[in-house]
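Where a number appears in this text, it was derived from the coordinates with a stated rule and is not lab data. Keep in mind that this is a model prediction, so the values were computed, not measured. Cβ coordinates were reconstructed from backbone atoms using ideal geometry, including for glycine residues, and neighbour counts include every protein chain displayed.
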Amino acid sequence: MEFHVRIQACRQTVPFPSEARQQQGKKDYLCSLNEKTVIRAENIHKSFGNLEVLKGISLEISKGEIVSVVGASGAGKSTLLHILGTLDKPDLGTVNIDGSEISGLSEKSLSDFRNSKIGFVFQFHHLLPEFTALENICIPAYIAGNGKAEAHQKATELLDYLNLSERMHHKPSALSGGEQQRVAIARALINRPAVILADEPSGNLDSNSSVELHALFMKLRETFDQTFVIVTHNKDLAAMADRELRITDGLIKGGSVAENSAI
Ligand code: ADP
Ligand code: MG
């Protein structure tokens, strides 16, 4: 896996400095993903008992897009995010992520797929309290088969990028809310996922930390062409997105794939 920094303005990919030497002759990972659909969901239905939560949602999200998902409490935003993130299965409908049809994957393939392709950021960071920031960030890399040196190198670069180098050996309880959330974002990024799915990421932050978090999402998109789907109640965060998808009565308004695609 190679770390590239994507400079959107000149549509070029350049490596993180420390990996520049390793890159020659390797496949250009990010270039191979350019300008393509990252998520395509069609006709997603989901009920819990008699409660019909999602009634046929279709959407398409392109690489590098930031899409917000809004709607009343209980509208089904988290349910949709879980289905897009392969944490839950739809009753009906299909989800394709980065070219793979999810329903065709076995349980084992699905968990590997999830670990490598999808980064999750939740309202409560879900960092493991007994591990340091560095160790928490490394966990998905270990699961993906990276050795300690490789995982540490990636995590250290991310910590540096996120201005957290001085906090790397701290446990979550010794970090501020904003720092904890940045560590969670680094953990979500370490395997260079096709998409980051965030569920109320600023819901537990003060307003300054929320503004910083929003700026960070924009910076990650600018530098890495990172794709985001962000469920939020925060009007500023929703407005910052390229598109806002509103779930009402189990549907996205104008919910066809064509109408919900940026292109
Ligand atoms: P939102 O994130 O928009 O607030 P959710 O997707 O969490 O809404 O929930 C949508 C509806 O589905 C709510 O009424 C919720 O109580 C219900 N629900 C969500 N998950 C489950 C579940 N696992 N079992 C039963 N009901 C659920
Ligand atoms: Mg929710």
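From largest to smallest, what semi-axes in whole angstrom does the range 4-253 give when each is the square root of 5 times an eigenvalue of its alpha carbon gyration tensor? Could the numbers behind the result be given before it?
Numbers: eigenvalues 162, 91, 65 Å².
So the three semi-axes of the range 4-253 are 28, 21, 18 Å.
Among 181, 145, 127, which residue has its Cα furthest toward the positive end of the charge dipole of the range 119-209, with +1 on Lys/Arg Cβ and -1 on Asp/Glu Cβ?
Checked the options; the winner is 145.
Compute the Rg to Rh ratio over the range 119-263 from the alpha carbon atoms, using the Kirkwood formula for Rh, and round to two decimal places.
Details: Rg = 16.0 Å, Rh = 16.0 Å.
Rg/Rh for the range 119-263 comes to 1.00.
How far, in nm, would the chain grow between residue 204 and residue 112 when pulled straight, counting 0.36 nm per residue and subtracting the alpha carbon separation?
On the way: separation 92, 0.36 × 92 = 33.12 nm, distance 2.94 nm.
The span from residue 204 to residue 112 would gain 30.2 nm if fully extended.
Assuming 0.36 nm per residue, please report the length gained on full extension of the stretch residue 126 to residue 47 beyond their Cα-Cα distance. Intermediate results must be reported in sequence, preceding the final value.
Values: separation 79, 0.36 × 79 = 28.44 nm, distance 2.66 nm.
Computed gain between residue 126 and residue 47 is 25.8 nm.
Return, ordered by residue number, the residues of the range 75-103 whose backbone nitrogen is under 16 Å from a label point located 7 Å along Cα→Cβ of residue 243.
Under 16 Å, as judged by backbone N against the label point of residue 243, lie 81, 84, 95-99 of the range 75-103.
Under 30 Å between alpha carbons, and skipping anything fewer than 8 positions from residue 235 in its own chain: which lysines qualify?
36, 46, 55, 63, 77, 89, 117, 219, 253
Just in the range 55-162: which GluC sites (Glu not before Pro) are loop by DSSP and have at most 13 other Cβ atoms within 10 Å? Display every interim value, and only then the final one.
Numbers: sites: 60, 65, 101, 107, 130, 135, 150, 157; in loops: 65, 130.
Passing sites in the range 55-162 are 130.
Reachable aspartates and glutamates from residue 108, Cα under 16 Å, same-chain residues fewer than 8 places away excluded?
88
Between the DSSP loop rule and a limit of at most 13 other Cβ atoms within 10 Å, which trypsin sites (Lys or Arg not before Pro) in the range 154-263 are left?
Within the range 154-263, the qualifying trypsin sites (Lys or Arg not before Pro) (loop, at most 13 other Cβ atoms within 10 Å) are 253.
Find how much the distance from residue 105 to residue 235 grows on full extension, using 0.36 nm per residue of separation minus their present alpha carbon separation; answer in nm with one decimal. Don't skip to the end; give the middle numbers.
Details: separation 130, 0.36 × 130 = 46.80 nm, distance 3.64 nm.
Using 0.36 nm per residue and subtracting the Cα-Cα distance, I get 43.2 nm.
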